[in-house]
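The structure appears below as structure tokens.
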Amino acid sequence: MTLQFESFLRRFEEANTAFVNGDPSLWLALVSRSEQTSIFGGFGGHEVGWSQIGPRYEWASAQFRPSGAKVEFEYLDKHAGSDTAYTVAIERCTVRYVDRPGEHPHVLRTTMVFRKEHGDWAIVHRHGDPLSPKAPPS
């Protein structure tokens, strides 16, 4: 793991925490502007290309009220090559949604793909969905 990628991950973690407090600005600064960028987001659906994912990230962050939530990251795997990297993680926090009273656990299983662009890392794909309890085959 390179020091540059580890430093980027700290910025990503800070941006993720701001995101679940209703502020997407730090997150958006880390996202590739490429039309090959994609998201399979925690609120469902999928978007491809900056023109779709920029507004979707803004909408998703607007679903959270500021609460002081801090995302905790359990990295199951992470790797950085010379120009691409990925993480596989569980992201946990307790949030306040704009349309529901009270606090709610927000636990996602995530796979992130990053690419080096203009000398720094950028998010090029996020797959995040709710972590469900393990169920045996039926």
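Laboratory data are not the source of any read-out in this text; all were calculated from the coordinates shown. What you see is a predicted model; the values in this text were computed from it and never measured. For neighbour counting, all protein chains shown are included, and Cβ atoms are generated from backbone atoms with ideal geometry for every residue, glycine included.
Can you name every residue in the range 73-95 that is more than 12 Å from the chain's Cα centre (by Cα), acidic (Asp, Glu) and more than 15 Å from residue 123 (Cα to Cα)?
74, 77 - these are the residues of the range 73-95 that are more than 12 Å from the chain's Cα centre (by Cα), acidic (Asp, Glu) and more than 15 Å from residue 123 (Cα to Cα).
Do you know which of the residues in the range 70-93 that are of a type in the set (Asp, Glu) and closer than 20 Å to residue 41 by Cβ is surrounded by the most Cβ atoms within 10 Å (Cβ to Cβ)? Lay out the reasoning, then the answer.
Taking the range 70-93 as the starting set, the residues that turn out to be of a type in the set (Asp, Glu) are 72, 74, 77, 83, 91.
From what's left, closer than 20 Å to residue 41 by Cβ: 72, 74, 91.
Values: 72: 12, 74: 11, 91: 22.
Step by step, filter the range 70-93, then rank; the result is 91.
Being in contact with a Ser or Thr (Cβ under 7 Å, 6 or more places away or on another chain) and part of a helix (DSSP H, G or I) is the filter; apply it to the range 28-68 and report the residue that is surrounded by the fewest Cβ atoms within 10 Å (Cβ to Cβ).
My answer is 50.
In the range 1-17, what residues are in contact (Cβ under 8 Å) with a residue 40 or more places away in the chain and either touching a Gly at 6+ places or on another chain (Cβ under 7 Å) or buried (at least 18 other Cβ atoms within 10 Å of the Cβ) (or both)?
5, 8, 9, 12, 16, 17, listed by residue number.
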